[in-house]
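The structure appears right after this line, and notes come after that.
The values are calculated or read from the model by the stated rules, or taken from the named source; none is laboratory data. This one's a predicted model, so the numbers in the text were calculated from it and none came from an experiment. Because the Cβ atoms are built from the backbone with ideal geometry, glycine has one as well, and the counts that use them run over all protein chains shown.
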Amino acid sequence: MNFSTTGSPEAAALQQQIHSLYSDHHGWLHGWLRKKLGCTHRAADLAHDTFVRLLTSRIPARLDEPRAYLTTVARHVLLNHQRRQRLELAWAAELALVPQEFAPSAEERAMALETLMAIDALLDGLSAKARRAFLLSQLDGLTYAEIAAEIGVSVSRVRQYMGEALTRCYAAL
């Protein structure tokens, strides 16, 4: 990786830290991911994505265990990658059910998938029941009472779930 050292001293220090992490541990991280994934090409992509993530995150000034830190970041990158794959597969399965004459164009499919990914990221962190309540309300149009019966909670709990989900939506706006 080639980093420019222009900018603030803090930015230069961060770039140097990431450069050191990359040169000292990239090979190891790639090997670790290759063992997890069984594919050297996907491992290379995710190792790259891990270092890109480091460029946009706050790294502790001193890392006593750089490989443990890289492993943690790489696991998050891997989980996001797997989540995206599951979402893409589910989207493809739904599209397969649509008659050809009503099928969206490639551009519309790509836009819909990006929207689904954004919604998934927005709802990430909510409990499974809170996500389900929100989706049942917004996609299926169920009432709070119907949602409560469907997921086995009280109507007041559904209100709490919806409040959590809507707060995230408003914060994203």
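Counting just the residues of the range 79-114 that are under 20 Å from Asp49 (Cβ atoms) and of a type in the set (S, T, N, Q), which one comes out surrounded by the most Cβ atoms within 10 Å (Cβ to Cβ)?
Here the residue is Asn80.
Return the total of residues in the range 95-125 being among the charged types (D, E, K, R), closer than 25 Å to Arg42 by Cβ and over 16 Å from the mean Cα position of the chain (by Cα).
Looking only at that region, the number is 1.
When you look at Pro9, is it at pLDDT below 90 and within 30 Å of Gly125 (Cα to Cα), yes or no?
no
Of these, Val52, Val77, which one is within 25 Å of Leu116 (Cβ to Cβ), touching a helix residue (DSSP H, G or I) at 6+ places or on another chain (Cβ under 6 Å) and outside any loop (DSSP other than H, G, I, E, B)?
Working: Val52 fails: touching a helix residue (DSSP H, G or I) at 6+ places or on another chain (Cβ under 6 Å).
So the residue among Val52, Val77 that is within 25 Å of Leu116 (Cβ to Cβ), touching a helix residue (DSSP H, G or I) at 6+ places or on another chain (Cβ under 6 Å) and outside any loop (DSSP other than H, G, I, E, B) is Val77.
When the residues of the range 118-162 are filtered to those that are touching a Lys or Arg at 6+ places or on another chain (Cβ under 8 Å) and aromatic (Phe, Trp, Tyr), which remaining residue is nearest to Ala172 (Cα to Cα)?
Tyr161
Going by the structure shown, is Met117 in a helix (DSSP H, G or I), buried (at least 16 other Cβ atoms within 10 Å of the Cβ) and either basic (Lys, Arg) or at pLDDT below 95 (or both)? Let's see the steps before the verdict.
Working: in a helix (DSSP H, G or I): yes; buried (at least 16 other Cβ atoms within 10 Å of the Cβ): yes; either basic (Lys, Arg) or at pLDDT below 95 (or both): yes.
In short, yes.
Report yes if Ile147 is buried (at least 16 other Cβ atoms within 10 Å of the Cβ), out of contact with any strand residue (DSSP E or B) (no Cβ under 8 Å at 6 or more places or on another chain) and modelled with pLDDT under 95, otherwise no. Step through it out loud before you land on a result.
On the way: buried (at least 16 other Cβ atoms within 10 Å of the Cβ): yes; out of contact with any strand residue (DSSP E or B) (no Cβ under 8 Å at 6 or more places or on another chain): yes; modelled with pLDDT under 95: no.
No; evaluated as a whole, the condition is false for this residue.
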